[in-house]
Every structure is written in structure tokens, then in C-alpha cells.
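Novice: My questions will all concern the structure given below.
The values are calculated or read from the model by the stated rules, or taken from the named source; none is laboratory data. These figures come from a predicted structure and were not determined experimentally. Remember, those area values only see protein heavy atoms, side chains included, never the ligands or the DNA or RNA. Shrake-Rupley method; radii C 1.70, N 1.55, O 1.52, S 1.80 Å.
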Amino acid sequence: RLNRSEGATADDTACILRDVGASDAMLFDGGGSSALYVLGKIVNAPHHHRNHTLRAIANALAIVRRPAPPTKQ
């Protein structure tokens, strides 16, 4: 992790996940192509984003909030 990077380290993240009750987790590469996209914005600084370009990626992990099902009356 570079000094200019903000956020949790892998160890910090493991502790957070354990504290909230996670039993499993997955650690991805976290390299220069790693981007965190929230509500339509990239909120971290991927390597190429600083040059106003982004790398194409072959895969991604997306967490999407689904609408609640209608309530039964």
C-alpha cells in the first residue's frame, strides 16, 4: 500500500470483517487497476486514474442493493 493511498490495509479489513461477524472473505490483488466505484463515482485513486485514463478489466466484484420485495398485506 502506498503512503498516498487511503483506506484499510488487508489486516485492518480482516479485523473489521471479523468484528462484524464475517466467516469468510476474499482478498483481491489490489494493484493499480483496483478501483472502488460508489454511487457513480470512483472514490479511490487507481494508478491510471491519476492520468485521467482507466485500464480495462476482465472481471469485477459488484455488490448491488436489490429493491426490497413488496410486503404482503
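Novice: Residue by residue through the stretch 14-37, note down the ones that are of a type in the set (A, V, I, L, M) and part of a loop (DSSP other than H, G, I, E, B).
Specialist: In the first step, residues of the stretch 14-37 are kept if they are of a type in the set (A, V, I, L, M); the result is 14, 16-17, 20, 22, 25-27, 35-36.
Passing the criteria: V20, A22, A25, M26, L27, A35, L36.
Novice: For residues in the stretch 40-53 being assigned to a loop (DSSP other than H, G, I, E, B) and either closer than 18 Å to G7 by Cα or open to solvent by less than 100 Å² (accessible area, probe 1.4 Å) (or both), which is modelled with the highest pLDDT?
Specialist: Looking at the filtered set, the residue picked out is G40.
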